[in-house]
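The values are calculated or read from the model by the stated rules, or taken from the named source; none is laboratory data. Every value quoted in this text rests on a predicted model; they were computed, and no experiment measured them. So basically every Cβ, Gly included, is an ideal-geometry build from the backbone, and we count neighbours across all protein chains shown.
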Amino acid sequence: MSVIQITNDPISREQGDINASELRNRYLSGLDAQTRDWIEADAAVFLHQALSTPVMNVLSKTEGACIYDLRGNEYLDLHGNGVHNAGFSNPEVLTAVIQQLQSQLAFTPRRYTNIPAIRLAQKLVAITPEPLTRVLFCPGGSEAIEMAVTLAKQVTGRWKTLSYWDSYHGNGFQAASIGGEEHFTGGNGPMVPGAFHVEFPNYYRNPWGLTDTEAIDEQYIRQLDVILQRHPDVAALVAEPISATPVVPSRYYWERVRECCDRHGIFLIFDEIIEGLGRTGRWFACEHYVIPDVLVLGKSLGGGVLPLAGIVTKEQFNVVSHRSIGHYTHEKNPLSATAGLAAIHYLEAHRLIENAAAMGAYLLEGFRDMQQRFPVIGHVAGKGLHIGLDLVTDSATKERAIFYAEQVMYACMENGVAFKVIEGNVATIRPALTITKTQCDTILSVFEHAFNKIKL
Amino acid sequence: MLNFWSDSMGDNKNTAKHLVEEGDLNVSGQRKLWHDALTDDATRDALQRDADHFLHQALSTPCLDVLASSDGAQLTSLAGKTYIDFHGNNVHQLGYNNSFVIDRVKQQLDILAFCPRRFTNLPAIELAERLAALTEHRLNRVLFAPGGTSAIGMALKLARIHTGKFKTLAMYDSFHGASMDSISLGGEYVFQQGLGPLMAGSVHVPPVDSYRGMWFNPNDQDGDMAYADYLEYVLEKEGDIGVLVAETVRSTTVHVPSQAYWRRIRELCDQHGVLLVFDEIPIGMGRTGKSFAYQHYGIVPDMLVLGKGLGAGIMPMAAMLCKDELNIAAQVSLGHFTHEKSPLGAAAALAGLDYMDAHGVLPHVDRMGQLMANRLEAMKAAYEAIGDVRGVGLLWGVELVKDRETKTPDPVLAERVLYHCLGRGLSFKVSGGNVLSLYPPLVISEQKLHEALDILEDAFRSNS
């Protein structure tokens, strides 16, 4: 294979496993000739990117919780870029989309409305916490984050933002400025001004050696206070309620942040692009905590088929009728709305939010049990089907087991389980919410097999 | 009486003045009359629900009407009224409900609808290869995104990484998207207002305006060269501009620069180490009679951004194409968008390209464009209010004035003409307050085009 050049530039692993590693090359060399030809063709025409092209494999189909490569090999996908809450190629979503295509309304210009878009907006208003009543759509989550922040700027008359190191909220310049990863800002020169960052709570790796949750929370809250004393004129605080790795903050932490936002007149914006629509065992992750001023949705909102994202905000913020904070071509795309609505109906009818809570608890228990046998599993955290395993070389020093994590990833891949590694050593487990107990057992046994086989 | 009308515009006169630059507003008196005249209960009910649940926006909610279906050049409302659509947010290049495209999308749904970004799939590869081929392989590296705004952001990042320079140069009045980066880059105050500091180093120059431009020389065939001279001056004074982003042909108010202008600018970019990026989101994919508008000018940009019509009227889909030598960002993620390699979006786009080839869409655009030019010129000869007619292919702007000598814009007439046409079944957008923006689907039949232009002519007749 010639598509991968091992680069000498350090590539950040904070967002995901990278495509330029030695192990990736070894994985690729084990693939069949036809697949390798397509990977070559892909690499010849697409702009190379650290987390996409050159790619790992070529897909031929997806179904339920699984993806299939060209050879027909099946993988339980614990990543899916987060679009697969209702399962991949959900038959009810596909049927609804096809019906919508047949009803001759695949697109409406923005000056017109259509019934699928209205229905989806009504449904979102119904399933989100009560004060959230106003909807605005766009094609991608990065753009939805920008709409939320723009709304906050317009309403507050301020322009500064507060957000978290290591977070990812999208890759437009504003979204990347709010995000806290070097990977998306390095080399870009000046970003959007006024983006302040603090640390997200981390109970496992807190730098003070504290063990009491509330004491740890106080330290993180103090970071917010330090900035807000000097910059009280912040427009919005943007965060995922549960971080990507995930760290599951205490309810106390978010209550304190909510108070802080109220005190300073700051918009609290929750990015639930990944966590919304059932992943954490509730419709929205904010239901575990506090109600934000703006809830941002994306990914699975398009039913795993179409690009669709949006914001849901409070009635009192419907005050930008003289502006265009969205102004995206597909603002009221009836096809995307149909897909989203069908996915939500499917999640509801098949009680998949309850399933996410139950299967999530089952997997967490399984991994915690595994942790007893494999000290390389430093920490297991999660909520619903949003789970992470922090792999360490030493349970005392908690040193990140980066090479080990990558070996585990490829070993699991070979045994039909695909997942993503973030921050270099955290295996993230986010299957479709359709997952069955049998499939959970498969996940557990494939991981167990990898932990048995691979030695530190 | 629909009750979503508010006086929110009252204290925002300044905003309104700038807002009309992008399009006709939903808060005007004419719009209110339009709504009051809607009698169908189901329509009024749906509009009310729409206005109750969506965040209000000057150019969308509250909406004009509720659509039930669409076909070819036509939209059909819930009440059964039809509109020939000369707007379509520019995704309607191949007509609405194009059955050739829809069949292919339906087939793809049964095969592979989505592909996580770490994997690839055959339709995405084929589309990338096909687009590269349409540029004669001059722009042979591709990156996809779900929307044009995001694709512009990718181009800006790539330019910064490649040149090591962060300053951007773009045109006043241009629109490149609605995120902070594309708003900073673009030149419309209405989108920038109230957002606090924008992106550093966003420099702007005046766009070519062949009708009322301060530097335009109407006595010269290449009367827009003073704009290129000023651009050169700015490149020299700023010293470290990394990228020039421009619409090859301005879409909304329709300004078509001369060949000499773009050729000179291509030279200037090369001399100053500036990357030239053409935003063809609204006008690529055949609108001007060629696959890409830059192909009229005998130059090649360093990057080309596509969107809207790329998804063939069905899928949100955008792309950034660039020269192979710009494939230098493998260590980062310029895009990183969930639907980076959407097999469904790619299937729609490929079907669109196949349809264009099979049905000779580009030659059809040439013929229909000529027809449109002739009829609009004839209207200009007949109606004093038409100050200027400009266009290429099926992209036309008709500028309405109170007086041909003073060229005073006539926004009131423009809005009257708009609502007259809407009432009789022709939909288009008004840009810059007084320019009728006319973009029929590229597949419109001669008969339908005449029908639409008859409605337009009737509007001039009734209002003159």
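You will find that of B:PRO62, B:PRO123, B:PRO116, the residue that is in contact (Cβ under 8 Å) with a residue 40 or more places away in the chain, part of a loop (DSSP other than H, G, I, E, B) and of a type outside the set (Asp, Glu) is B:PRO62 and no other. Here B:ALA378, B:ALA459, B:ALA452 are screened, and the one residue that is of a type in the set (A, V, I, L, M, F, W, C), surrounded by fewer than 21 Cβ atoms within 10 Å (Cβ to Cβ) and either assigned by TED's automatic domain parsing to the domain that holds B:THR82 or in a loop (DSSP other than H, G, I, E, B) (or both) is B:ALA378.
Listed by first and then second residue, the pairs with beta-carbon distance under 6 Å, at least 6 apart or on different chains, first residue in region A:302-326 and more than 7 Å from every other protein chain (Cβ to nearest Cβ), second surrounded by fewer than 23 Cβ atoms within 10 Å (Cβ to Cβ) and part of a loop (DSSP other than H, G, I, E, B), are A:LYS314/A:PRO131. Being closer than 26 Å to A:LEU341 by Cα and either aromatic (Phe, Trp, Tyr) or part of a loop (DSSP other than H, G, I, E, B) (or both) is a property that A:HIS84 has. Of all residues assigned to region B:62-83, none qualifies as being facing another protein chain (nearest Cβ under 7 Å), surrounded by fewer than 21 Cβ atoms within 10 Å (Cβ to Cβ), closer than 30 Å to A:ARG36 by Cβ and not hydroxyl-bearing (Ser, Thr, Tyr). Scanning region B:280-318 for residues that are more than 12 Å from chain A (Cβ to nearest Cβ), of a type outside the set (Gly, Ala, Ser) and crowded, with 24+ Cβ neighbours inside 10 Å yields B:GLU280, B:ILE283, B:MET285, B:ARG287, B:THR288, B:PHE292, B:TYR294, B:PRO301, B:ASP302, B:LEU304, B:VAL305, B:LEU306.
Selection of helices (runs of 4 or more DSSP H) fully inside region B:179-256 by the criterion of at least 1 residues being closer than 24 Å to A:HIS169 by Cβ and among the hydrophobic types (A, V, I, L, M, F, W, C) returns B:180-185, B:189-192. Taking the numbered list (1) within 14 Å of chain A (Cβ to nearest Cβ); (2) within 22 Å of the chain's Cα centre (by Cα) in turn, B:VAL361 passes all entries but (1).
If the condition is being out of contact with any Pro (no Cβ under 7 Å at 6 or more places or on another chain) and not hydrophobic (A, V, I, L, M, F, W, C), then region A:337-356 contributes A:GLY340, A:HIS345, A:TYR346, A:GLU348, A:HIS350, A:ARG351, A:GLU354, A:ASN355. Restricted to region B:126-155, and to residues there that are within 30 Å of A:GLY189 (Cα to Cα) and in a loop (DSSP other than H, G, I, E, B), the residue that is farthest from the other protein chains (Cβ to nearest Cβ) is B:ARG138. Taking region A:300-319 as the range and being of a type in the set (A, V, I, L, M, F, W, C) and either surrounded by fewer than 22 Cβ atoms within 10 Å (Cβ to Cβ) or assigned to a strand (DSSP E or B) (or both) as the test, the residues that pass are A:ALA309, A:ILE311, A:VAL312, A:PHE317, A:VAL319. Against the numbered list (1) within 17 Å of A:GLN174 (Cα to Cα); (2) within 8 Å of another protein chain (Cβ to nearest Cβ); (3) within 18 Å of the chain's Cα centre (by Cα), B:LEU158 comes up short only at (3).
Among the helices (runs of 4 or more DSSP H) confined to region A:91-195, the ones with at least 2 residues that are within 20 Å of B:GLN48 (Cα to Cα) are located at A:115-127. Filtering region B:319-340 down to residues that are charged (D, E, K, R) and modelled with pLDDT of 95 or more, which residue is surrounded by the most Cβ atoms within 10 Å (Cβ to Cβ)? The extreme case among them is B:LYS323.
Do the conditions hold for A:PHE267, that is, is it surrounded by fewer than 24 Cβ atoms within 10 Å (Cβ to Cβ), in contact (Cβ under 8 Å) with a residue 40 or more places away in the chain, assigned by TED's automatic domain parsing to the domain that holds A:PHE200 and among the hydrophobic types (A, V, I, L, M, F, W, C)? So A:PHE267 does not fit the description; no.
In region A:271-288, the residues that are surrounded by fewer than 23 Cβ atoms within 10 Å (Cβ to Cβ) and at pLDDT below 95 never reach a residue that is in a loop (DSSP other than H, G, I, E, B) and basic (Lys, Arg) with C-beta atoms less than 9 angstrom apart, at least six apart or across chains.
Quick one: which of B:VAL412, B:VAL435 is crowded, with 22+ Cβ neighbours inside 10 Å and either assigned by TED's automatic domain parsing to the domain that holds B:GLY23 or in contact (Cβ under 8 Å) with a residue 40 or more places away in the chain (or both)?
Within the list B:VAL412, B:VAL435, the selection yields B:VAL435.
Given the structure, is B:VAL392 touching a Ser or Thr at 6+ places or on another chain (Cβ under 7 Å) and under 28 Å from B:ARG130 (Cβ atoms)? Judged against the criteria, B:VAL392 is a match.
Could you tell me whether B:SER437 is among the polar types (S, T, N, Q) and either in contact with an Asp or Glu (Cβ under 7 Å, 6 or more places away or on another chain) or assigned to a strand (DSSP E or B) (or both)? Criteria met by B:SER437.
Here's the yes/no breakdown for (1) away from every other protein chain (no Cβ under 14 Å); (2) hydrophobic (A, V, I, L, M, F, W, C); (3) assigned to a helix (DSSP H, G or I):
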position	(1), (2), (3)
B:GLY335	no, no, no
B:LEU353	yes, yes, yes
B:TYR419	no, no, yes
B:LEU422	no, yes, yes
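If the condition is being within 7 Å of chain B (Cβ to nearest Cβ), buried (at least 20 other Cβ atoms within 10 Å of the Cβ) and under 23 Å from the mean Cα position of the chain (by Cα), then region A:102-133 contributes only A:ALA121. Restricting attention to region A:180-207, and to residues there that are facing chain B (nearest Cβ under 10 Å) and closer than 27 Å to A:ASP390 by Cβ, which single residue is surrounded by the most Cβ atoms within 10 Å (Cβ to Cβ)? Taking the candidates together, the pick is A:PHE184. Within the set A:GLY384, A:GLY388, A:GLY360, the sole residue that is at pLDDT 95 or above, touching a strand residue (DSSP E or B) at 6+ places or on another chain (Cβ under 6 Å), surrounded by 22 or more Cβ atoms within 10 Å (Cβ to Cβ) and assigned by TED's automatic domain parsing to the domain that holds A:ILE443 turns out to be A:GLY388. Taken across region A:175-191, residues that are out of contact with any Cys (no Cβ under 6 Å at 6 or more places or on another chain), in the same structural domain as A:VAL305 (by TED's automatic domain parsing), touching a residue at least 60 places away in the same chain (Cβ under 8 Å) and small (Gly, Ala, Ser) do occur, with at least one present.
Matching residues to (1) touching a strand residue (DSSP E or B) at 6+ places or on another chain (Cβ under 9 Å); (2) at pLDDT 95 or above; (3) closer than 29 Å to A:SER52 by Cβ:
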| position | (1), (2), (3) |
| --- | --- |
| A:PHE196 | yes, yes, no |
| A:ILE216 | no, yes, no |
| A:ALA239 | yes, yes, yes |
| A:GLU255 | no, yes, no |
| A:HIS264 | yes, yes, no |
| A:ILE269 | yes, yes, yes |
